[in-house]
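The structure under discussion appears below in the form of structure tokens.
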Amino acid sequence: MLRLVALGKGVRAAAGAVAVSAQGPAAHASRASVVSSAQSAVAHHAARFGFGAGQSLDHPNGIAVAPDSTVYVTDTGNGRLLVFDPSGDRVGTVSRGVAPGNLGLPVGVVFDDHGRIAVVDSTAATVQLYAPIEAGASGPAYIDRFGEQGNADAQLSFPNGLAADGRGRLYVADWGNDRLEIWSY
């Protein structure tokens, strides 16, 4: 189970994403530079992967590559997480909706040190956890979520950045509350 282990106030600036080194939070990057980098990477994959009609991306913000080279992309404007196999074929989707596991405005995606996919959902004020996609599945299996709307400890307000440090911690850039939350297993 995840638990909140630290809060850092006053980290907003123009922040939107956080990078983590082996020593902990390494940098707060401007949202524009992070989005630009993610969009460039996603645009490369979109061209390589041959999106067809009706399959275009709308403001992709996050991209993570699994150890098996499966690519996970947060397609923010379409409210979904897309999954591509190493050859570029789309093999899964987590869609927009209100049911457990559905997304609203996904902006960041990382793998934690247990191999789970963590997706920060800004409008739901949560981080959702999924298992890696299995062959034949329509998308990654939903595991759980943490966070809720608010400004108290363990609550989020428009979170829009996410990082993992490989030591059981997830760092959430809690933009609306001007802080960095660190969650641990």
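The values are calculated or read from the model by the stated rules, or taken from the named source; none is laboratory data. Note that the structure is predicted; figures quoted are calculated from it, not measured. Here Cβ is always computed from backbone atoms with ideal geometry, including for glycine, and neighbour counts include all displayed protein chains. Ligands, DNA and RNA are stripped out before the accessible areas are found, and what is left, the full protein with its side chains, is counted by its heavy atoms. Shrake-Rupley method; radii C 1.70, N 1.55, O 1.52, S 1.80 Å.
Scan the strands (runs of 3 or more DSSP E) fully inside segment 132-185 and keep the ones with 3 or more residues being open to solvent by less than 60 Å² (accessible area, probe 1.4 Å).
The strands (runs of 3 or more DSSP E) meeting that bar are 159-164, 169-174, 179-184.
Take the conditions small (Gly, Ala, Ser), open to solvent by 10 Å² or more (accessible area, probe 1.4 Å) and at pLDDT below 95 and apply them to Gly115. Does it pass?
Criteria met by Gly115.
Please work out if Ile63 is touching a residue at least 12 places away in the same chain (Cβ under 8 Å) and either within 19 Å of Trp183 (Cβ to Cβ) or open to solvent by 40 Å² or more (accessible area, probe 1.4 Å) (or both).
Yes; evaluated as a whole, the condition is true for this residue.
Kindly establish whether Gly115 is assigned to a loop (DSSP other than H, G, I, E, B), small (Gly, Ala, Ser) and either on the phi > 0 side of the Ramachandran plot or under 13 Å from the mean Cα position of the chain (by Cα) (or both).
yes
List pairs: first in segment 160-172 and closer than 18 Å to Glu148 by Cα, second aromatic (Phe, Trp, Tyr), Cβ under 6 Å, 6+ apart or cross-chain?
Asn160/Trp175; Leu170/Trp183
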